[in-house]
1. Would you mind working out the magnitude of the charge dipole of the chain relative to its Cα centre, with +1 at each Lys and Arg C-beta and -1 at each Asp and Glu C-beta, to the nearest 20 Debye?
2. What number do you get for the chain when its Cα radius of gyration is normalised by 2.2 N^0.38 Å, N = residues?
3. Just to be sure I understand: of the beta bridges DSSP finds with both ends in the chain, what percent are antiparallel, rounded to 5?
4. Return the sequence-ordered ³J(HN,Hα) values of segment 162-177 in whole Hz as given by the Karplus equation 6.51 cos²θ - 1.76 cosθ + 1.60 applied to θ = phi - 60°, using x for Gly and Pro.
5. In sequence order, what are the phi-derived ³J(HN,Hα) couplings for segment 30-35 according to the Karplus relation 6.51 cos²θ - 1.76 cosθ + 1.60 with θ = phi - 60°, rounded to whole Hz, with x for glycine and proline?
6. Plugging the Kirkwood radius over Cα pairs into Stokes-Einstein for segment 5-97, at a temperature of 37 °C and a viscosity of 0.692 mPa s, what D comes out in µm²/s?
7. I need the peptides 89-102, 12-25 ranked by packing, meaning the mean over residues of other C-beta atoms within 10 angstrom, with the highest value on top.
8. So what's the angle, to the nearest 10 degrees on a 0 to 90 scale, between helix 253-268 and the longest Cα principal axis of the chain?
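The values are calculated or read from the model by the stated rules, or taken from the named source; none is laboratory data. Please read these numbers as outputs of a predicted model, since none were measured by experiment. Reconstructed Cβ throughout: ideal geometry from the backbone, glycine too, with neighbour counts over all protein chains shown. When the accessible area is computed, the model is the full protein with side chains, heavy atoms only, and any ligands, DNA or RNA have been set aside. Shrake-Rupley method; radii C 1.70, N 1.55, O 1.52, S 1.80 Å.
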Amino acid sequence: MLLRHARSLLFLPASNARAIAKARTLPCDMVILDLEDAVADDAKEDARAGAIVALGEGFGGRIAAVRINVAGTPWHGMEMVAVKGSAADYVVLPKVETARQVKDVYSVCGKPVIAMIESARGVLAAAEIAAGEGCAALFMGNNDLRKDLGIPAGAGREGLSHAMQAVVLAARAAGIAVFDGVYNRLDDLGALEAECAAGHALGFDGKTLIHPSQVPVANQVFGPDAQAVVDARRLVEAATGGAERYEGRMIETMHVEEARALIARAEAVGQ
């Protein structure tokens, strides 16, 4: 599966062997073994070793990544070296504010980097980060971004809307994937569905998640609509090139390309 086709991207504590084993049975498109916030300081060494073993065992065709700690922490260098020799597809770098941070990790790990945008500085530098060497995608880090912007914890996402659109624009301009931030409540799947729909409408490719129960919702919202796929195939078959009339509307090359992209996404997720 191409990264841009991923709908559900599940963070798991790399210290939790049971959660890692369960991930191999889940319908998530991507597994992210977390060495940062989800792991206590005194457990990071064991978590790093466990993550490398788990990556070697594989995740049944799912995309696999590791979120490492940032430069300046005691674990950053050791994690980069460990990831370099691992079977990870990507390395996730938190708290990115410059393209140089991404380049430095890429040069050591040799793995494409997914940059997390979690601060005002990160948002303002998102275009440079996305276009920089080694950057494969952007993640919204909405929890830290809320704190940095001074948005009250109980507020909606209105205060984040400009930042989220700026990050989507940066990713699209650079031709890379972009994913919405996590939803914190585990007992309100209806609200999660609404947030996924809002993120989808903004242009995000999928959503980062923190619990297995959230996976089906993200897959449903970010997965292609079945009827839309049928319509896309019909349009591609009917198109003869250039601008033409099709089922009461005008279509051109752009519409055919959009239809083919939708079909490719559907095929990637087994639809």
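1. On the way: 27 positive and 34 negative charges, 54 e Å.
Dipole of the chain, to the nearest 20 debye: 260 debye.
2. Rg over 2.2 N^0.38 Å, computed on Cα atoms: 1.04.
3. Working: 3 of 32 bridges.
Percentage antiparallel, nearest 5: 10.
4. Each residue's phi maps through the Karplus curve to give 5, 5, 5, 5, 4, 6, 4, 4, 4, 5, 5, 5, 8, x, 10, 7 Hz.
5. Once θ is set to phi - 60°, the couplings for segment 30-35 become 9, 10, 10, 7, 9, 9 Hz.
6. For the chosen part, D equals 252 µm²/s.
7. My ranking of the peptides, most packed first, is 89-102, 12-25.
8. 50
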